[in-house]
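Asker: Let me give you the structure first, and then I'll get to my questions.
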Amino acid sequence: MSFESLKASIYLLLDEATEQPEDLHQLQEQLREKLAEFRALGLPVPEDFVKAEQDLAKGQD
């Protein structure tokens, strides 16, 4: 998957998290999987995505 495709899929996940907070745990797992794809492909992970992942983790505490 290309860098731009991965970014777009993460933006969709973040939009979905805003619209459906009851599914937050599932969306958090999907976000982690997408970020893992970035890392596996050796692509830089955009800082806003890392922050979103951290914010979601704080919301689960």
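Taken together, the values in this text are just the output of simple stated rules run on the coordinates, not laboratory data. Here the structure is a predicted model, which means the values were calculated and not measured. Cβ atoms come from the backbone with ideal geometry, glycine included; neighbour counts cover every protein chain shown.
Asker: Once every DSSP H run of n ≥ 4 in the chain is given -39500 (n - 2.57) and the sum is divided by its residues, what mean residue ellipticity at 222 nm do you get, rounded to the nearest 500 deg cm²/dmol?
Answerer: Details: 3 runs with 48 residues, N = 61.
Result for the chain: -26000 deg cm²/dmol, rounded to the nearest 500.
Asker: For region 16-61, treating each Cα as an identical point scatterer without solvent, what Debye log10 I(q)/I(0) comes out at q = 0.16 1/Å?
Answerer: Debye intensities relative to I(0), on a log10 scale: -0.43.
Asker: Are there any helices in the chain, counted as whole DSSP H runs, that stretch 18 Å or more along their axis by Cα and score at least -1.0 on average by Kyte-Doolittle, and if so which?
Answerer: On the way: long enough: 3-19 (24 Å, 0.27); 24-40 (24 Å, -0.91); 47-60 (20 Å, -1.06).
What comes out of the filter, once short or polar helices are dropped, is 3-19, 24-40.
Asker: Hey, another quick one. Listed highest first by mean packing, meaning other Cβ atoms within 10 Å per residue, what order do 26-35, 43-52 come in? Please report the intermediate quantities before stating the final value.
Answerer: Working: 26-35: 16.3, 43-52: 13.4.
Sorting 26-35, 43-52 by mean packing, highest first, produces 26-35, 43-52.
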